[in-house]
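Accompanying notes for the structure given below.
All of the numbers you see were taken from the coordinates with simple rules; none came from a lab. A quick note: this is a predicted structure, and the numbers were derived from the prediction, not measured. Here the Cβ positions follow ideal geometry from the backbone for every residue, glycine too, while neighbour counts run over all protein chains shown.
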């Protein structure tokens, strides 16, 4: 039986931690030990158990085998270094989320091989990358209109932004990335084989998701020359302000907004009920709709009125059916956490015997009972339409 060189193991643990931009105190908190104990692990003065090693490998987003390799494992690929290099100022929760995304993307790449499916080619970029500068609203409006024209969207509401992004060739993950006030609302990076990858912070309010996706779409379309962009709510560079402005105008086109106001026989919005109707029509959050109206000078509501409104409850009173996710009562659906292709490949790999049921459930992040339920629902025959026996 081969003995473990704990001093060499400790050195590799220290190197992996530093590459993940995490302090000993942060890692110790995740591991449930003292910083002193972690320091002893890294110096080789204290033996570390197999379970703790596995947890550290997952936290640092490195293969467990690399911690035992004399070479320290393969060097991280460029996309991982670009992504992890942007996390230095994030909270421990945010860095842990990015590490989880790295694992998910690795699994996604592996699923292509297991299912015998080639990785897709990076999509054709219809627009030249934009330089880093401030763009006035009217200019961003033109970019949004040009993008809608290119994809032949007209001015109709975009009901499924994630599906649109994935149809274009980007892959969207929903990953917990910490408090959006301290960390990020989403991110974008380019994978050398998979192409553009987007992550939305699933710790944020569910209703904010469409706007974040529109924001990341701006990066996919106009900043595809950059290896990675982490989208923070504070200290925004021009590219982030552009993405915010683009998302608002792409999801709620000026022409469509004015047409909808005419249909409602409204010149200016003067009550929260009207904001709710518009937000539900365009599929954006109440706050996003309010700010869009302010940009167009189409509301008399003051900025402070939002504190006295409960948009989800108000929407329900107006006859809409908000999801349980909007109330914060349920986790995001699996289809919002993973790309559709990822889910399909996991099912295919399991169905063809390339991976076990347990492994398929693990890569999907669900229990094997939930996996069986999902497959059973997909395989269930369609019900025949009910016969109407009303009065003749």
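Annotations for the structure displayed:
- Protection proxy ranking, peptides 123-136, 342-355, 27-40, average beta carbon neighbours within 10 Å, highest first: 342-355, 27-40, 123-136
- Available extension along the chain between residue 150 and residue 335 is 63.9 nm, counting 0.36 nm per residue and deducting the alpha carbon span.
- FRET efficiency, residue 351 to residue 5 (Cβ-Cβ, R0 35 Å, nearest 0.05): 0.25
- For percent of Cα pairs over 29 Å apart, the candidate list reads (1) 52; (2) 48; (3) 39; the entry that matches the value derived from this model is (1).
- Inter-label distance for residue 281 and residue 36, nm, one decimal - labels placed 7 Å from Cα along Cα-to-Cβ: 6.6
- Hydrodynamic analysis of region 112-271 uses the Kirkwood radius over alpha carbon pairs. Inserted into Stokes-Einstein at 10 °C and 1.306 mPa s, it gives a translational diffusion coefficient of 95 µm²/s.
- Distance (nanometres) between label positions extended 7 Å along Cα→Cβ at residue 179 and residue 327: 2.7
- Per-residue Cβ neighbour rank within 10 angstrom, fewest leading, 187, 177: 187, 177
- Two-site label geometry, residue 255 and residue 372: point separation in nm, points 7 Å out along Cα→Cβ: 5.4
- Cα-based Rg / Dmax (Å) for region 254-332: 12.7, 39
- Residue 58/residue 167 FRET efficiency (R0 35 Å; Cβ-Cβ; nearest 0.05): 0.65
- Considering only the chain, percent of DSSP beta bridges that pair antiparallel, nearest 5: 65
- For the chain: relative contact order, % (alpha-carbon pairs under 8 angstrom, 6 or more apart): 15
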